[in-house]
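Worksheet: one structure, shown below.
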Amino acid sequence: QVQLVESGGGLVQAGGSLRLSCAASRSIFMFNAMGWYRQAPGKQRELVARITRIGIKNYADSVKGRFTISRDNAKNTVSLEMNSLKPEDTAVYYCNVLQGQNDYWGQGTQVTVSS
């Protein structure tokens, strides 16, 4: 079992920045991948960014060039730096861990971008 706790969400104006962090309850070194998903009202949950155990990063087209995902194995955290935020980035952001065939999710953190 892995517990994930997100932090860093909030309200920001368009063009602003936020940094999300996700702390895992145990070592993340051997996790296959860690990532961030988001879900806006009335929409399906979607992948925002993911980083694999060997450091390969994937981003949704809508956030490329604006968001950066990183992981700190020593601190058991994965972070999402979000710049040039847009109103359409408004959503609940969820931290995700893939370990083998198991998926683990955090409780989510709200990000609201005002125009």
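The values are calculated or read from the model by the stated rules, or taken from the named source; none is laboratory data. The structure presented is a predicted model; accordingly, all values stated were derived computationally and were not measured. When we count neighbours, we look across all protein chains shown, and the Cβ atoms used for this are built from the backbone with ideal geometry, even at glycine. Note: accessible area is taken over every heavy atom of the protein model, side chains too, but ligands, DNA and RNA are not part of it. Shrake-Rupley method; radii C 1.70, N 1.55, O 1.52, S 1.80 Å.
When you scan the range 21-34, do you find a residue that is open to solvent by less than 30 Å² (accessible area, probe 1.4 Å), more than 17 Å from Q1 (Cα to Cα) and at pLDDT 95 or above, even just one?
Taking every residue of the range 21-34 in turn, none turns out to be open to solvent by less than 30 Å² (accessible area, probe 1.4 Å), more than 17 Å from Q1 (Cα to Cα) and at pLDDT 95 or above.
Where strands (runs of 3 or more DSSP E) fall wholly inside the range 36-115, the ranges with 1 or more residues that are surrounded by 21 or more Cβ atoms within 10 Å (Cβ to Cβ) and on the phi < 0 side of the Ramachandran plot are 46-52, 67-72, 77-82, 91-99, 109-114.
Going by the conditions given, is Q1 open to solvent by 20 Å² or more (accessible area, probe 1.4 Å), in a loop (DSSP other than H, G, I, E, B) and at pLDDT 95 or above? Judged against the criteria, Q1 is not a match. Across the range 5-35, the number of residues qualifying as of a type in the set (A, V, I, L, M) and either under 21 Å from S114 (Cα atoms) or in a loop (DSSP other than H, G, I, E, B) (or both) comes to 7.
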